[in-house]
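Down below is the structure, laid out as structure tokens.
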Amino acid sequence: MGRPKEGAMKTFAHLALFVSALASSSLGAAGCATESDSGPAGANSSLSRQSFCAKTVCEKIHDDCMSYLDECFGQCYGMGPEFAYQCVSVCNNYQCTPCTVNECDEHGYKFEIVAPPDPKVSDACGRYEAKAAQCGADTSRIICDRFSRLERPEAAAAYDCYASLPCGSEGSSCEPPATDWGTNFCLALNATCGFFDMGCTVEQMAELDLAAAWLKDDVRAEAMRCLEEPLCSDVSRCTTAWFETVFP
């Protein structure tokens with residue numbers, strides 16, 4: 001029988017790694033409050049978003065200094081005995097500069113699923129899970145409670161369609177019609193931060209178009225809302241958090 005969203009999950013995992021890599025690059029720093037709760041995009045949003053300060057300017061300066069010392073001592077250990085002692089002395093004399101700047105350098109983001117389960121989606125997903133187990137398929141990625149909180153009501157019919165298929169059959173006919181959300185998201189990411197060549201391929205955009213067909217409008221809107229953050233580093237961390245919540 002078919003295995004819905006498997007390709008899409010791999011695509012989301014790939015993009016989560018991609019935007020996570022962007023978050024670690026030098027894409028700018030911001031002065032920000034120590035913690036803030038952005039809250040849901042709307043009163044009926046399925047996701048609640050919280051932004052917070054993951055690293056202050058002082059913490060970054062300290063981390064950079066410790067990285068320098070680690071590199072310094074590492075180079076000493078690669079030298080011969082006649083130079084190693086002098087090298088270590090130089091490293092020991094290096095002092096990290098005291099810092100009193102309490103501004104935020106790096107935002108963090110966290111999404112929480114706050115929507116209740118849709119009973120119809122949950123029951124249909126359970127029937128699909130039971131059929132998948134009967135067919136000997138791996139059911140570890142079938143998380144009906146999570147799916148029923150994030151997916152559209154139309155997903156119930158798709159799950160029942162999958163559950164009705166004979167074992168080993170191909171189930172693309174059960175999938176909801178593809179959207180253009182993945183394409184629009186990737187193009188918007190490119191327009192915002194200019195990382196198109198490093199991010200979505202044409203194939204991945206197509207898979208995201210399929211994956212988005214399962215998700216509620218407000219769930220998709222939260223990913224787009226990440227693109228409104230002021231810095232590309234914030235965009236990447238926010239988007240990573242969304243990916244990891246929706247497709248863990």
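What is the residue count in the stretch 230-247 for residues that are within 12 Å of residue 111 (Cβ to Cβ) and of a type in the set (A, V, I, L, M, F, W, C)?
6
Return the residues of the stretch 190-248 that are closer than 22 Å to residue 46 by Cα and β-branched (Val, Ile, Thr); say none if nothing qualifies.
219, 235, 239, 240, 245, 246 - these are the residues of the stretch 190-248 that are closer than 22 Å to residue 46 by Cα and β-branched (Val, Ile, Thr).
Please enumerate the residues belonging to the stretch 162-186 that are in contact with an Asp or Glu (Cβ under 7 Å, 6 or more places away or on another chain) and either surrounded by fewer than 16 Cβ atoms within 10 Å (Cβ to Cβ) or not in a helix (DSSP H, G or I) (or both).
176, 178, 179, 180 - these are the residues of the stretch 162-186 that are in contact with an Asp or Glu (Cβ under 7 Å, 6 or more places away or on another chain) and either surrounded by fewer than 16 Cβ atoms within 10 Å (Cβ to Cβ) or not in a helix (DSSP H, G or I) (or both).
Only one of (1) of a type in the set (Gly, Ala, Ser); (2) part of a strand (DSSP E or B); (3) at pLDDT below 85 fails for residue 191. Which number is that?
(2)
Residue 212: buried (at least 21 other Cβ atoms within 10 Å of the Cβ), of a type outside the set (Val, Ile, Thr) and either out of contact with any Gly (no Cβ under 8 Å at 6 or more places or on another chain) or under 21 Å from residue 112 (Cα atoms) (or both), yes or no?
yes
Determine, yes or no, whether residue 90 is of a type outside the set (S, T, N, Q) and more than 30 Å from residue 215 (Cα to Cα).
Taking the combined requirement at face value, the residue satisfies it.
Can you spot a residue in the stretch 218-229 that is out of contact with any strand residue (DSSP E or B) (no Cβ under 6 Å at 6 or more places or on another chain), over 25 Å from residue 106 (Cα atoms), surrounded by fewer than 23 Cβ atoms within 10 Å (Cβ to Cβ) and in contact (Cβ under 8 Å) with a residue 24 or more places away in the chain?
Checking the stretch 218-229: at least one residue is out of contact with any strand residue (DSSP E or B) (no Cβ under 6 Å at 6 or more places or on another chain), over 25 Å from residue 106 (Cα atoms), surrounded by fewer than 23 Cβ atoms within 10 Å (Cβ to Cβ) and in contact (Cβ under 8 Å) with a residue 24 or more places away in the chain.
Would you call residue 132 over 30 Å from residue 234 (Cβ atoms), modelled with pLDDT under 85 and of a type outside the set (Lys, Arg)?
No, not satisfied.
Looking at 139, 239, which one is among the β-branched types (Val, Ile, Thr) and either closer than 27 Å to residue 54 by Cα or loosely packed, with under 14 Cβ neighbours inside 10 Å (or both)?
Being among the β-branched types (Val, Ile, Thr) and either closer than 27 Å to residue 54 by Cα or loosely packed, with under 14 Cβ neighbours inside 10 Å (or both) holds for just one of 139, 239, which is 239.
The values are calculated or read from the model by the stated rules, or taken from the named source; none is laboratory data. As the structure is a computational prediction, the values presented were derived from the model and not from experiment. Neighbour counts run over all protein chains shown; Cβ positions are idealised from the backbone, glycine included.
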